[in-house]
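A.B. asks: My structure is below; once you've seen it, I'll send some questions.
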Amino acid sequence: MATALKNLSEYSQEKFTDISEKTFGIVVAEWHDDITSVLCQGAIDTLLKHGAKKENIYINTVPGSFELTLGAQFLALQEEIDAVICIGVVIKGDTKHDDYINNAVANGLTNVALKFNKPVSFGLVTTNTLEQALDRAGGKHGNKGVEAAAAAIGMLSF
């Protein structure tokens with residue numbers, strides 16, 4: 001696994017721009033909220049660490065990861081939102097549902113970013129097991145929410 005080779009909480013901030021006047025929308029899936037809440041907090045902490053104002057961070061929830069795309073679109077529609085961060089978890093089960101959801105979310109978020117010409121970051125943890133998901137939510141592989149926030153900042157710096 002690629003994540004096994006990199007800590008998700010490590011990133012380059014060398015080219016980050018001033019985000020003190022930027023506004024961020026975070027859309028968080030409620031499914032696996034024990035994990036998504038940790039990912040969301042990692043994203044918030046990263047934004048604040050790099051100068052975002054707390055009052056410029058808006059958090060909205062959706063039922064599950066499949067709904068992240070429409071939630072991201074609702075946020076991207078708002079002119080004052082500069083970047084959207086999407087947080088969710090999909091764990092492989094006994095069926096192939098994870099393949100369908102992961103593909104739909106990846107394509108959907110890409111389409112939202114291109115449609116609105118705004119950064120839409122992919123903070124979706126896609127794993128085979130609950131243990132792997134926990135490893136990416138502040139565990140031994142860092143926090144995917146941190147990575148998603150850093151990606152949004154990086155794209156605003158582009």
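The values are calculated or read from the model by the stated rules, or taken from the named source; none is laboratory data. Since the structure is predicted, the reported quantities are computational estimates derived from the model, not experimental observations. Glycine gets a Cβ as well: all are built from the backbone with ideal geometry, and neighbour counts include every protein chain shown. Note: areas computed on protein heavy atoms with side chains; ligands, DNA, RNA excluded. Shrake-Rupley method; radii C 1.70, N 1.55, O 1.52, S 1.80 Å.
A.B. asks: Could you do me a favour and compute the accessible area per residue for the chain, 1.4 Å probe, result in Å²? All intermediate terms of the calculation are to be shown ahead of the outcome.
C.D. replies: Values: 8280 Å² over 158 residues.
Counting only protein heavy atoms, the per-residue value for the chain is 52 Å².
A.B. asks: Another one. Considering only Cα-Cα distances, which of the following residue pairs are longer than 23 Å: LYS49/LYS140; LYS15/LYS53; LYS6/LYS118; LYS53/LYS115? Don't jump to the answer; show the numbers that get you there.
C.D. replies: Numbers: LYS49/LYS140 21 Å; LYS15/LYS53 20 Å; LYS6/LYS118 26 Å; LYS53/LYS115 26 Å.
Distance filter (> 23 Å) returns LYS6/LYS118; LYS53/LYS115.
A.B. asks: Measure nothing but the geometry: give the 0 to 90° angle between the long axis through the Cα atoms of 33-49 and the longest principal axis through the Cα atoms of the chain, rounded to 10°.
C.D. replies: 30 degrees
A.B. asks: Which log10 I(q)/I(0) values does the chain give at q = 0.14 Å⁻¹ under the Debye formula, counting every alpha carbon as one identical point scatterer?
C.D. replies: Listed by q, the Debye log ratios stand at -0.62.
A.B. asks: Apply 1/(1 + (r/R0)^6) to the Cβ-Cβ distance of GLU30 and LYS53, taking R0 = 35 Å, and write down the FRET efficiency to the nearest 0.05.
C.D. replies: Numbers: r = 26 Å, r/R0 = 0.74.
With R0 = 35 Å, the Cβ-Cβ based efficiency is 0.85.
A.B. asks: At 0.36 nm per residue, and after removing the present C-alpha to C-alpha distance, how many nm does the segment from ALA104 to PHE16 gain when stretched out fully?
C.D. replies: Working: separation 88, 0.36 × 88 = 31.68 nm, distance 2.98 nm.
Extending this stretch completely gives an extra 28.7 nm.
A.B. asks: Listed highest first by mean packing, meaning other Cβ atoms within 10 Å per residue, what order do 60-69, 78-87 come in?
C.D. replies: Values: 60-69: 18.9, 78-87: 21.6.
Packing order, densest peptide first, comes out as 78-87, 60-69.
A.B. asks: Another question, if that's okay. Divide by every residue of the chain the summed helix terms, -39500 (n - 2.57) for each DSSP H run of at least 4, and state the resulting mean residue ellipticity at 222 nm, rounded to the nearest 500 deg cm²/dmol. Write out the running numbers ahead of the final one.
C.D. replies: Numbers: 5 runs with 66 residues, N = 158.
My calculation for the chain gives -13500 deg cm²/dmol from helical runs alone.
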